[in-house]
Every structure is written in structure tokens, then in C-alpha cells.
1. Quick one: how many residues across region 70-100 are in a helix (DSSP H, G or I), over 19 Å from Gln50 (Cβ atoms) and more than 11 Å from the chain's Cα centre (by Cα)?
2. Can you name the number of the only condition in (1) modelled with pLDDT under 85; (2) part of a helix (DSSP H, G or I) that Ile21 fails?
3. Suppose we keep only residues that are loosely packed, with under 13 Cβ neighbours inside 10 Å and not small (Gly, Ala, Ser) within region 70-95. Which one would you say is modelled with the highest pLDDT?
4. Identify, from the list Ala103, Ala45, the residue that is touching a residue at least 24 places away in the same chain (Cβ under 8 Å), small (Gly, Ala, Ser) and in a helix (DSSP H, G or I).
Amino acid sequence: MNKQQLAAKIWESANQMRSKIEANEYKDYILGFIFYKYLSDQQIAFAKKQGMSEADIAQLSEDDPDTLEYIQKELGYFIAYDHLFSTWINNGSDFDVSNVRDALSAFSRLINGNHKKLFA
């Protein structure tokens with residue numbers, strides 16, 4: 001498959017997924033997901049740079065206030081393991097719109113106070 005065929009397939013898939021959503025509204029959702037994936041990936045990279053293993057990363061939760069505060073202070077936000085983009089991907093068909101709603105609610109709550117304007 002060449003680059004042009006791949007691009008055509010991607011657009012066809014995007015049009016099927018967006019169904020009856022207006023293109024501009026769909027774009028906002030997609031860009032939001034891309035940004036959220038970026039933030040999730042940045043947190044994972046930061047955690048690994050700090051010497052955390054995959055098992056340690058899988059334990060990231062709001063129940064560990066010391067780690068939460070450290071990551072919040074360093075990155076400006078904290079995303080629990082259950083709300084990481086990669087966790088959503090691993091859940092596959094068990095992914096639900098409630099995952100997004102819960103994650104965005106938690107994300108908004110867990111932004112470092114000094115970074116609220118950045119993520120508003």
C-alpha cells in the first residue's frame with residue numbers, strides 16, 4: 001500500500017467514525033485525543049526517566065499522594081494509570097465513553113495550581 005492509498009484509507013475510516021458529527025466538531029475531538037495522548041506519553045516518559053518500572057507505572061493512582069504531588073509539581077499535571085491513553089488502548093473493546101469522561105474529570109482536578117491557566 002502506498003502513501004496515497006494509506007491516506008485515502010485513513011480518511012475513509014475517519015468519515016465512518018465521525019458518522020453524523022460535523023467535521024469541525026470531529027476535528028476538535030480528534031485534536032483533544034491527540035493532545036491527551038501526548039500528555040499521557042510525556043508522563044510515562046517522565047516516570048521511566050525517574051527510574052520507574054512498568055510495574056511502578058501501573059501503580060500510579062491518586063492513592064499515592066507523594067508520587068502524585070511529585071509528578072504534578074514536575075509536569076504540572078498527574079494522570080492515574082487507569083486514565084493513561086495507553087491503558088485505554090490496552091483495554092481494547094472494554095473502552096467506553098465513561099473512560100474519557102472520568103479521565104477528563106480527574107485530569108481537570110489534578111492539574112497543579114500553578115499550571116491551571118496553561119490547561120484551561
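1. Total meeting the criteria: 7.
2. In the conditions (1) modelled with pLDDT under 85; (2) part of a helix (DSSP H, G or I), Ile21 misses (2) alone.
3. Restricting to residues being loosely packed, with under 13 Cβ neighbours inside 10 Å and not small (Gly, Ala, Ser), the top hit is Lys73.
4. On the way: Ala45 fails: touching a residue at least 24 places away in the same chain (Cβ under 8 Å).
Just a single option satisfies the conditions, and that option is Ala103.
The values are calculated or read from the model by the stated rules, or taken from the named source; none is laboratory data. None of these values were measured; they are calculated from a predicted model. Don't worry about glycine lacking a Cβ; one is built from the backbone with ideal geometry, like all the others, and counts go over all protein chains shown.
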